[in-house]
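The structure appears right after this line, and notes come after that.
The values are calculated or read from the model by the stated rules, or taken from the named source; none is laboratory data. It should be emphasised that the depicted structure is a prediction, and the values quoted were computed from it without experimental measurement. Virtual Cβ from ideal backbone geometry, glycine too; neighbours counted across all protein chains shown. Heavy atoms of the whole protein, side chains included, go into the accessibility calculation; ligands, DNA and RNA do not. Shrake-Rupley method; radii C 1.70, N 1.55, O 1.52, S 1.80 Å.
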Amino acid sequence: MPIDATLPYDAGNIFARILRGEIPAKTVYEDDHALAFHDINPQAPVHILVIPKGAYVSWDDFSARGSEAEIAGFVRAVGHVAREQGLVAPGYRLLANIGGHGGQEVPHLHVHLFGGRPLGMMVPA
Ligand code: 5GP
């Protein structure tokens, strides 16, 4: 069930729990501002989620309230993971689902990083 991205941040969401170390994740990268880990239900040979460490629901929330350091750190982390995973030469896709029409399920901002095969249509019909 997609979330309502206008609601306040819910500190009990699954990615907040991963950030607090309450549940495990297969981490591929971590720094002061971001955490990257494998999606539990991969949709491509490479399917990694990159999340900011701060409490932000969505891209618009993050861009409105995030500090310059948090935003720069998060954007750099996404690029770092893409390079580190060897995705630059073959190509890859970034996706952020936001709110109801976006189909967002977890109310903590995350960017999906897909790769490892040709990824087909950008938006299914
Ligand atoms: P959304 O639809 O919100 O953009 O995507 C949420 C993603 O989080 C889904 O791809 C789902 O498989 C993934 N996910 C949900 N729960 C967990 C979890 O506990 N651990 C990990 N690693 N991924 C999760």
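Once you have the Kirkwood Rh of the chain from its Cα pairs, apply Stokes-Einstein at 37 °C and 0.692 mPa s and quote D in µm²/s. Translational diffusion coefficient: 220 µm²/s. Listed values for region 15-22 are Karplus-derived 3J(HN,Hα) couplings in whole Hz (6.51 cos²θ - 1.76 cosθ + 1.60, θ = phi - 60°), namely 6, 4, 5, 5, 4, 7, x, 7, and x replaces Gly and Pro.
How would you classify region 81-125 from its alpha-carbon gyration tensor, with a ≥ b ≥ c the square roots of the eigenvalues: rounded for a/c under 1.5, else prolate if a/b is greater than b/c, otherwise oblate? Let's see the in-between values first.
Details: a/c = 4.02, a/b = 1.53, b/c = 2.63.
It comes out oblate by the Cα gyration axes.
Solvent exposure of the chain amounts to 58 Å² per residue of accessible area, where only protein heavy atoms count and the probe is 1.4 Å.
As a fraction of the 1.4 Å probe accessible area of the chain, surface on carbon and sulfur atoms comes out at 58 percent. In the chain, Cα pairs under 8 Å separated by at least six residues give a relative contact order of 35 percent. Among the trypsin sites (Lys or Arg not before Pro) in region 1-93, those placed in a DSSP loop whose Cβ has at most 15 other Cβ atoms within 10 Å are Arg20, Lys26. Taking the Cα centre of the chain as reference, the dipole from Cβ charges on Lys and Arg (+1) and Asp and Glu (-1) amounts to some 380 debye.
Using just its DSSP H runs of length 4 or more, each adding -39500 (n - 2.57), the chain gives a mean residue ellipticity at 222 nm of -7500 deg cm²/dmol after division by all residues.
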